[in-house]
1. Looking at the range 135-157, which of the residues that are under 19 Å from N118 (Cα atoms) and charged (D, E, K, R) is farthest from the ligand (Cβ to nearest atom)?
2. For Q111, which of the numbered conditions (1) under 23 Å from M360 (Cα atoms); (2) touching a residue at least 24 places away in the same chain (Cβ under 8 Å); (3) part of a loop (DSSP other than H, G, I, E, B) fails to hold?
3. Would you tally the residues in the range 62-90 being of a type in the set (A, V, I, L, M) and within 13 Å of the ligand (Cβ to nearest atom)?
4. Applying the selection to the range 350-375, what residues are free of Cβ contacts under 8 Å to residues at least 24 places away in the same chain and at negative phi?
5. Can you pull out every residue in the range 242-256 that is within 26 Å of P153 (Cα to Cα) and either touching a residue at least 40 places away in the same chain (Cβ under 8 Å) or surrounded by 17 or more Cβ atoms within 10 Å (Cβ to Cβ) (or both)?
6. Mind checking whether some residue in the range 76-87 is under 26 Å from K210 (Cβ atoms) and surrounded by fewer than 18 Cβ atoms within 10 Å (Cβ to Cβ)?
7. Can you tell me which residues in the range 188-212 are of a type in the set (A, V, I, L, M) and under 22 Å from the mean Cα position of the chain (by Cα)?
8. In the range 1-61, which helices (runs of 4 or more DSSP H) lie fully inside it and hold 2 or more residues that are near the ligand (Cβ under 10 Å from one of its atoms) and at negative phi?
Amino acid sequence: MRVTVFGVGYVGLVQGAILAEVGHDVTCVDVDQDKVALLNNGGIPIYEPGLEPIVKENLAAGRLHFTTDAKEGVQRAEVIFIAVGTPPDEDGSADLKYVLSVARTVAEHMQEHKIVINKSTVPVGTADKVRASITETLRQRKVELSFDVVSNPEFLKEGAAVKDCMSPDRIILGTESSNSEKVLRRLYAPFNRNHEKIIVMDVRSAELTKYAANCMLATKISFMNEIANLAEKFGADVENVRRGIGSDPRIGYHFIYPGCGYGGSCFPKDVQALIRSANAVGYQARVLESVEAVNYAQKEKLFGYISDYFDGQLDGKTVALWGLSFKPNTDDMREAPSRVLMEQLWEEGATVQAYDPEAMEETQRVYGGRNDLRLMGTKEAALSGADFLVICTDWQAFKAPDFELIKQQLAQPLIFDGRNLYDPQQMHELGIHYFGIGRGQSI
Ligand code: NAD
């Protein structure tokens, strides 16, 4: 099947690549000329495990095309995905300008029936806006053409995006058109072989499903961080509590890890956007407001521990920082807790020596040129001459380090761990002063 994907970001690129991988003929359109040129030369603009070989092989096989030519993209395919960004507006609501711009582009160039599929995360009612935008542009062109707008939200996780798209937990199709449903069932058939994953529903429910999923996950994290904060006050260890509640199948172990807050391009913006959408229909989303407030405070937690420990005297300190990306297996630093921490440390006159297995280039892009940031080539190099160590991301490579080396390299054996990677008792036995999140009295 011929497919066009607008937007080659995390979602569009992975979606385009896996559709090509199963044999579809995919054109990916982006307004970013540099990105398109990089991809056409065999480069990959993001780090995502398993993505590079799929893109390269399908590009070479002629099943995957990258272009800035929107007209070609629209006219080549019946099925057109919108996978462009929906960043927060000034008030936190989702900014639809890129989505609506693609809708207009489709309407400007279409010559026959199109199925326009919205994969971007968008507020309830956006399909109606996309439909209205296409209708208006066709009216201006004085042509009458049929089209359908489908909601097909994406649930991939950065860091596991290829795997998630190749074997999705579910494929949500929001459509009232039996023709569109039939076409999309055919498109997704290779991913729906062993058991039924396609859930068909009305468009508005599909749009809300995506927000509900992300907000539920963010709620689990903020809930657990609240329990961690209570554990700290009560002198309990939240890691024991986590294991204790996770064993209940109604609760489960997923997404109840306490830490220094959630980040990324999705949870913060989607929680905010649903709060704003709720306000717009006269409803105060009190649970979500609290989820956001708890997370905001949680991102300042590590700095609070550090500042208390040093009585606010951080001027001239050198801080070893492990982990810059907002979570492991990605180079994405959008809304990362590490950023909040670094900016607070810099404000107080500290210097950061940072290491991340994948996000060094991105850090350079965001903060390059600062003389209070040193990007180090290894996690060991980041320790050299530092006063203490802070951990912001739970990369596998940080889980069992050489603690003797850490002690040797740091000016004092002191670790602030935003991901609870280590056992406080072991740290005590090793003579390391250790602060985790919600671990009772620090030892
Ligand atoms: P991104 O910022 O990585 O990529 C968006 C791309 O769209 C960019 O390359 C940009 O140049 C391009 N673009 C903008 N306007 C365009 C236009 N008019 N025509 C063609 N291309 C255009 O975004 P992303 O992370 O891939 O997210 C896309 C959407 O998917 C968002 O709504 C997001 O909330 C949602 N989503 C993201 C994830 C994730 O983990 N990143 C997961 C599920 C859903």
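1. Here the residue is D148.
2. With (1) under 23 Å from M360 (Cα atoms); (2) touching a residue at least 24 places away in the same chain (Cβ under 8 Å); (3) part of a loop (DSSP other than H, G, I, E, B) applied to Q111, the lone miss is (1).
3. Keep residues of the range 62-90 that are of a type in the set (A, V, I, L, M), which gives 64, 70, 74, 77, 79-80, 82-84.
So of that shortlist, the ones also within 13 Å of the ligand (Cβ to nearest atom) come out as 70, 74, 80, 82-84.
Adding up the residues that qualify gives 6.
4. Going through the range 350-375, the residues free of Cβ contacts under 8 Å to residues at least 24 places away in the same chain turn out to be 364-365, 368-369, 371, 374-375.
Those that are free of Cβ contacts under 8 Å to residues at least 24 places away in the same chain and at negative phi: Q364, R365, G368, N371, R374, L375.
5. Hit for the range 242-256 is I256, nothing else.
6. First pass over the range 76-87, keeping only residues under 26 Å from K210 (Cβ atoms): 77-87.
Those still in the list that are surrounded by fewer than 18 Cβ atoms within 10 Å (Cβ to Cβ) too: 78, 87.
The answer is yes, given that some residue of the range 76-87 is under 26 Å from K210 (Cβ atoms) and surrounded by fewer than 18 Cβ atoms within 10 Å (Cβ to Cβ).
7. Going through the range 188-212, the residues of a type in the set (A, V, I, L, M) turn out to be 189, 198-201, 203, 206, 208, 212.
Correct list: A206, L208, A212.
8. Numbers: elements: 10-21, 33-40, 51-60.
Passing ranges, in order: 10-21, 33-40.
The values are calculated or read from the model by the stated rules, or taken from the named source; none is laboratory data. Quick caveat: nothing in here was measured; it's all calculated off a predicted structure. Note: ideal-geometry Cβ built from the backbone for every residue, glycine included; neighbour counts use all protein chains shown.
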